[in-house]
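These notes are about the structure you will find just below.
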Amino acid sequence: MRASSILRQMLKEAGIIVAPGAFNAFLAKLVEQVGFKAVYVSGAGTSITMLGLPDLGFMTLNEIIWNTRNIARAVNIPVIADANTGYGNAVTLTRTVEEFIKAGAAAIHIEDQEIPKRCGHLKGKILIPIEEMVGKIKAAIDTRDKLDPDFVIIARTDARGAVKGGVDEALKRAEAYIKAGADMIFIEGPKSIDELKLFAERIKAPLMANMVEGGITPLLSTKELEELGYKLVIFPNSILRLIHKAAIELLEELKQTGSTKAFLSKMMLFPSQQDVVGLKEYVKLEEKYLPKEEVRIKYTESLGF
């Protein structure tokens, strides 16, 4: 069964879908290993880790597709990906949708900002006209229907915090995007629990929430969001922020003491890391397919795990 079909089924079932963000295939494997049923590919996380650049529209379609493809190949759970603005107008968006489907994603969200876009939790966001975004959604759906009818199209609006935006504008756009055929609505940047509740009450479509530590939206639990009526929640860069803080601490320790021993209890050590990426399975393939004498030499006359 395609990942998109699995996600479609999950959308019909009770309960909220929780999709932690992973900025590479290894972390996506960990998300799956812990037991989450979906994983999210963040545009901001990809830009930060792959390019060392902020989420200001520097990343290209090829870069996010490359990352999405690697992640989708590595896991057996649906991958929900950030398609930013779709990388162009309604016409060029058709290729964007095609590439994400070919990469193995189960869903994408497309936002209504001008190009170049900005992270939804930054100031300075400018919106495209509603009519233009409606055209993009329709183009995305028509392309999807030709290639994979189960592929999920999520319409994101940044209207809440954009120039000339606000709550009413966000609601107006959400209604228009539902009429255009979007499968789910993602309102970025609600500023309070009351706003999260209002959007859930007023919008008659499955809703997606974004939990950003230190962002402009209150950090609620998955249970709280489910009780409000949200169907999908992403924690796009929680792992990334933790890793970055831990990395600074380790580097400072190494610089001061010349050793990483103080961090051993906090690390996934070498053997466990190899288990996650399936080293033992590839050793079995060596034993099956390589010349027996070559295998004997490899594993009797060298050191290592």
Exercise. Could you say whether any residue in the stretch 100-116 is modelled with pLDDT of 95 or more, in contact with a strand residue (DSSP E or B) (Cβ under 9 Å, 6 or more places away or on another chain) and on the phi > 0 side of the Ramachandran plot?
Worked result: yes
For this session: Test Leu56 against the stated conditions and say whether it is buried (at least 23 other Cβ atoms within 10 Å of the Cβ) and more than 20 Å from Leu242 (Cβ to Cβ).
Result: no
For this session: Report, by residue number, each residue of the stretch 232-246 that is under 22 Å from His121 (Cβ atoms) and out of contact with any strand residue (DSSP E or B) (no Cβ under 6 Å at 6 or more places or on another chain).
Result: Ser238, Ile239, Leu240, Arg241, Leu242, Ile243, His244, Lys245
Seminar exercise, completed: The condition from (1) loosely packed, with under 14 Cβ neighbours inside 10 Å; (2) free of Cβ contacts under 8 Å to residues at least 40 places away in the same chain that Leu198 misses is numbered (1)
For this session: State whether one or more residues within the stretch 156-178 are part of a strand (DSSP E or B), within 26 Å of Pro78 (Cβ to Cβ) and in contact with a Leu (Cβ under 9 Å, 6 or more places away or on another chain).
Result: yes
Exercise. Touching a residue at least 24 places away in the same chain (Cβ under 8 Å), closer than 22 Å to Ile110 by Cβ and among the hydroxyl-bearing types (Ser, Thr, Tyr) - does that describe any residue in the stretch 176-191?
Worked result: yes
Seminar exercise, completed: Ile297 vs (1) among the hydrophobic types (A, V, I, L, M, F, W, C); (2) at pLDDT below 90; (3) under 30 Å from Val75 (Cα atoms): all pass except (3)
Exercise. Would you pick out the residues in the stretch 87-130 that are closer than 18 Å to Phe151 by Cα, surrounded by fewer than 24 Cβ atoms within 10 Å (Cβ to Cβ) and charged (D, E, K, R)?
Worked result: Arg95, Glu98, Glu99, Lys102
Seminar exercise, completed: If we keep only residues of the stretch 240-273 that are within 23 Å of Ser47 (Cα to Cα) and among the charged types (D, E, K, R), then the residue surrounded by the most Cβ atoms within 10 Å (Cβ to Cβ) is Arg241
Seminar exercise, completed: So, first residue more than 13 Å from Ala22 (Cα to Cα) in the stretch 49-75, second residue assigned to a helix (DSSP H, G or I) and of a type in the set (Lys, Arg), Cβ within less than 9 Å, six or more apart or across chains; the pairs are Leu61/Arg95; Ile65/Lys102
Exercise. Do you know which residues across the stretch 1-48 are without any contact (Cβ under 8 Å) to a residue 60 or more places away in the chain and surrounded by fewer than 22 Cβ atoms within 10 Å (Cβ to Cβ)?
Worked result: Met1, Gln9, Lys12, Glu13, Ala14, Asn24, Ala25, Glu32, Val34, Gly35, Phe36, Lys37
For this session: Just give me the residues in the stretch 113-151 being assigned to a loop (DSSP other than H, G, I, E, B) and free of Cβ contacts under 8 Å to residues at least 12 places away in the same chain, in sequence order.
Result: Pro129, Pro149
Seminar exercise, completed: Only one of Asp142, Asp158, Asp150 is among the acidic types (Asp, Glu), closer than 14 Å to Glu111 by Cα and either crowded, with 22+ Cβ neighbours inside 10 Å or in contact with a helix residue (DSSP H, G or I) (Cβ under 9 Å, 6 or more places away or on another chain) (or both), namely Asp158
Seminar exercise, completed: Gly165 passes all but one of the listed conditions (1) at pLDDT below 95; (2) within 21 Å of Ser42 (Cβ to Cβ); the exception is number (2)
Exercise. So is Ala170 under 21 Å from the mean Cα position of the chain (by Cα) and more than 24 Å from Ile101 (Cα to Cα) or not?
Worked result: no
Exercise. Can you name the residue in the stretch 201-239 that is under 21 Å from Glu13 (Cβ atoms) and of a type in the set (S, T, N, Q) and is also surrounded by the fewest Cβ atoms within 10 Å (Cβ to Cβ) among such residues?
Worked result: Ser221
For this session: Find all pairs meeting these conditions: Cβ atoms under 7 angstrom apart; at least six residues apart or on different chains; first residue within the stretch 265-280 and closer than 20 Å to Ala246 by Cα; second residue outside any helix (DSSP H, G or I) and among the hydrophobic types (A, V, I, L, M, F, W, C).
Result: Phe270/Phe305
Seminar exercise, completed: Among helices (runs of 4 or more DSSP H) entirely within the stretch 193-289, at least 2 residues that are closer than 22 Å to Ala174 by Cα and modelled with pLDDT of 95 or more occur in 193-202, 222-228
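The values are calculated or read from the model by the stated rules, or taken from the named source; none is laboratory data. Quick caveat, the model's predicted, so the values are computed rather than measured. Cβ atoms come from the backbone with ideal geometry, glycine included; neighbour counts cover every protein chain shown.
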